[in-house]
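Engineer: Pasting a structure below so you can have a look.
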Amino acid sequence: MKKENYSDLGETIKSDDSDFQFASEVKKRSGTDFNMCYHCWCCTGGCPFSHAMDYTPNGIIRLVQFGLKRKALESSTIWLCVGCNTCSTVCPMRIDMSAIMDTMRQMALEEGISVAEPDILNFHKEVLHSIEHYGRTHKLEIMLRYKIRKRDWFSDMDVGLKMLAKRKLDLMPSKVNDIGEIRKFFTDVKHKT
Amino acid sequence: MDNHKNSLTDISYFPGCSLATSAKENNLSLLNLCRRLGFNPVELDDWNCCGSSSAHSIRSELADDLAARNLFLAPAGRPLLVACPSCMLRLRHMYIHLRDDEAARGYYEDKWNRSFDPNLNILHFFELLPEANLPNLAKDREHSLNGIRFVPYYGCMLARPPVMSREKNYYGLMEKILSSLGAEPLLWGYASRCCGTFLSVARPDVVRPMVNNIALGAKETGADCIVTACAMCHLNLEIRCDLREPVPIFHFSELLSLALGEDDHKGWFSRHIVDPEPLLRSKGLI
Ligand code: SF4
Ligand code: SF4
């Protein structure tokens, strides 16, 4: 859980662990040249969640530069990043950290790597499930299904009840009429340039 | 008001999931305001979720599809008003991509047999304000917000990915507008601190102390309240603060409407989790 210092990543780096394809793949998919990063740490200083991450945001870039694929994809950092862009806004090299994190999360899923923050992944899945069914997010159902997956009924009960009492959780979903169009997004095999 | 109906300019309106549901109070006050400012918001027909954080987090192409569908539904020649800052970011980001990438545009044109307006003007609600002469519209200038002391909370709405770094920035707008209506803005260090977004659900242990710090920061500054323009920030600041005396949080549009003398606020304030009415009463605002 505790953050390792990026500068030596808290351990000896063994080059046999390196996957040199990894860096170019992340670069291509994210459309971001992270080799411009000179590790000034501004991103980490600005990131509201860096204290909860195992590697700092620029530490993740370091791992990618070293080709340490497994460590990067197993990190909690890629899941705790919410894509708020605070880091990119202060980055002197205009590095799109949020795009890098999106890419790595998706690579971790594709490669079946164990997810450091399963609750966060489950939440995303429930949101997408709701969009697939209604075309919009139905908060109450997302929360209930998330709770079922987590098998945790009691934490946050007070918050949920307050939200219900204040009519902040609609009982019925708001729906898109042409839901077929939305469902196709989920089933279509992708194209793309 | 009714006799002005004809002179209102139609604009397309994308409410987004938060405003359509949990933040109805924000939606209503926003729609009222638009009409006061001379616009008639017409809800975008059959709009869908912008994809929120989850789509781009785990399925980038799905995020593109969801944002693109909304853009292709927007009638040409009319600006598209977006209420939620994070929907705004998703839609504008995709708009830039479609505008600049012919192949991507062509893909969707073929798929839906609809067209994309390359000149589509996607507006945040903030952009309607500087043009309007708000103090003139307010009932009683100067005193309308009676010196209520607020700290502006922008959350991540001022932060953008690098491709959008040259877009308009709204920093200072809430301070400028609300002070022209008699409120007193205070400086503080948390104006653009993230509210925690979805981590509020999956990692409340991480978000709670952050939100408490934001609320404490407001108190230390001597503010009566926090003002935010984002429905998700509003919700997170309300549900994750567990201080004994929490700070009331207003939607920017609520205070604006109040200053402009809208009187249908009963329904809005009762939906807040941190009751703002004692404060408003003490300031003689309701
Ligand atoms: S702010 Fe930019 S250049 Fe500096 S460490 Fe972070 S990513 Fe690298
Ligand atoms: S985008 Fe991610 S890494 Fe950057 S500041 Fe936000 S949470 Fe931190």
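The values are calculated or read from the model by the stated rules, or taken from the named source; none is laboratory data. Please read all numbers here as calculations on a predicted model, not as lab measurements. Backbone-built Cβ (ideal geometry, glycine too); neighbour counts: all protein chains shown. Surface accessibility is based on the protein's heavy atoms, side chains included, excluding ligands, DNA and RNA. Shrake-Rupley method; radii C 1.70, N 1.55, O 1.52, S 1.80 Å.
Engineer: Can you name the residue in the range A:46-90 that is polar (S, T, N, Q) and over 16 Å from the mean Cα position of the chain (by Cα) and, of all such residues, is surrounded by the fewest Cβ atoms within 10 Å (Cβ to Cβ)?
Structural biologist: A:Gln65
Engineer: Taking the criterion of being modelled with pLDDT of 95 or more and more than 14 Å from chain A (Cβ to nearest Cβ), would at least one residue in the range B:129-141 satisfy it?
Structural biologist: No: the range B:129-141 contains no residue that is modelled with pLDDT of 95 or more and more than 14 Å from chain A (Cβ to nearest Cβ).
Engineer: Evaluate the range A:144-164: report whether one residue or more is within 22 Å of the chain's Cα centre (by Cα) and at positive phi.
Structural biologist: Within the range A:144-164, none of the residues are within 22 Å of the chain's Cα centre (by Cα) and at positive phi.
Engineer: Would you mind finding the one in A:Phe66, A:Phe49, A:Phe22, A:Phe34 that is among the aromatic types (Phe, Trp, Tyr), on the phi < 0 side of the Ramachandran plot and modelled with pLDDT of 95 or more?
Structural biologist: Criteria check complete, one pass: A:Phe49.
Engineer: Checking B:Asp117 against (1) under 16 Å from the mean Cα position of the chain (by Cα); (2) at pLDDT 90 or above; (3) not aliphatic (A, V, I, L, M): exactly one of these is not met. Which one?
Structural biologist: (1)
Engineer: Tell me which residues, restricted to the range B:247-283, are charged (D, E, K, R) and either open to solvent by 30 Å² or more (accessible area, probe 1.4 Å) or not in a helix (DSSP H, G or I) (or both).
Structural biologist: B:Glu262, B:Asp263, B:Asp264, B:Lys266, B:Arg271, B:Asp275, B:Glu277, B:Arg281, B:Lys283, listed by residue number.
Engineer: Please work out if B:Pro162 is free of Cβ contacts under 8 Å to residues at least 60 places away in the same chain and not assigned by TED's automatic domain parsing to the domain that holds B:Leu178.
Structural biologist: Working: free of Cβ contacts under 8 Å to residues at least 60 places away in the same chain: yes; not assigned by TED's automatic domain parsing to the domain that holds B:Leu178: no.
Taking the combined requirement at face value, the residue does not satisfy it.
Engineer: Follow-up question, since we're still on this one. Report, by residue number, each residue of the range A:123-140 that is out of contact with any Gly (no Cβ under 8 Å at 6 or more places or on another chain), surrounded by 19 or more Cβ atoms within 10 Å (Cβ to Cβ) and part of a helix (DSSP H, G or I).
Structural biologist: The answer is A:Phe123, A:His124, A:Glu126, A:Val127, A:Leu128, A:Ser130, A:Tyr134, A:Lys139, A:Leu140.
Engineer: Just checking, which of B:Ser192, B:Ser179 is within 14 Å of another protein chain (Cβ to nearest Cβ) and open to solvent by 10 Å² or more (accessible area, probe 1.4 Å)?
Structural biologist: Working: B:Ser179 fails: within 14 Å of another protein chain (Cβ to nearest Cβ).
Of B:Ser192, B:Ser179, the one residue that is within 14 Å of another protein chain (Cβ to nearest Cβ) and open to solvent by 10 Å² or more (accessible area, probe 1.4 Å) is B:Ser192.
Engineer: Can you tell which of B:Leu187, B:Leu137 is buried (at least 16 other Cβ atoms within 10 Å of the Cβ), away from ligand 2 (no atom under 16 Å from the Cβ) and on the phi < 0 side of the Ramachandran plot?
Structural biologist: B:Leu137
Engineer: Would you be able to say whether some residue in the range B:226-246 is modelled with pLDDT of 95 or more, on the phi > 0 side of the Ramachandran plot and not in a helix (DSSP H, G or I)?
Structural biologist: The answer is no, given that none of the residues of the range B:226-246 is modelled with pLDDT of 95 or more, on the phi > 0 side of the Ramachandran plot and not in a helix (DSSP H, G or I).
Engineer: Looking only at the range A:104-122, which residues are open to solvent by less than 10 Å² (accessible area, probe 1.4 Å) and more than 7 Å from chain B (Cβ to nearest Cβ)? Working first, answer last.
Structural biologist: Let us first name the residues in the range A:104-122 that are open to solvent by less than 10 Å² (accessible area, probe 1.4 Å), namely A:104-105, A:107-108, A:120.
The answer is A:Met104, A:Met107, A:Ala108.
Engineer: What are the residue pairs meeting all of these: first residue in the range A:25-48, first residue away from every other protein chain (no Cβ under 13 Å) and within 13 Å of ligand 2 (Cβ to nearest atom), second residue among the aromatic types (Phe, Trp, Tyr) and not in a helix (DSSP H, G or I), Cβ atoms under 9 Å, and 6 or more apart or on different chains?
Structural biologist: Filtered contacts from the range A:25-48: A:Trp41/A:Tyr6; A:Thr44/A:Tyr6.
Engineer: I'd like to check something: does the range A:62-80 contain any residue that is within 16 Å of ligand 1 (Cβ to nearest atom), in contact with a Phe, Trp or Tyr (Cβ under 8 Å, 6 or more places away or on another chain) and assigned to a loop (DSSP other than H, G, I, E, B)?
Structural biologist: Yes, because at least one residue in the range A:62-80 is within 16 Å of ligand 1 (Cβ to nearest atom), in contact with a Phe, Trp or Tyr (Cβ under 8 Å, 6 or more places away or on another chain) and assigned to a loop (DSSP other than H, G, I, E, B).
Engineer: For B:Leu71, indicate whether it is more than 10 Å from chain A (Cβ to nearest Cβ) and modelled with pLDDT of 95 or more.
Structural biologist: Spelling it out, B:Leu71 is indeed more than 10 Å from chain A (Cβ to nearest Cβ) and modelled with pLDDT of 95 or more.
Engineer: Scan the range A:48-61 residue by residue and report those that are assigned to a loop (DSSP other than H, G, I, E, B) and within 16 Å of ligand 1 (Cβ to nearest atom).
Structural biologist: Within the range A:48-61, A:Pro48, A:Phe49, A:Met53, A:Tyr55, A:Thr56 meet the criteria.
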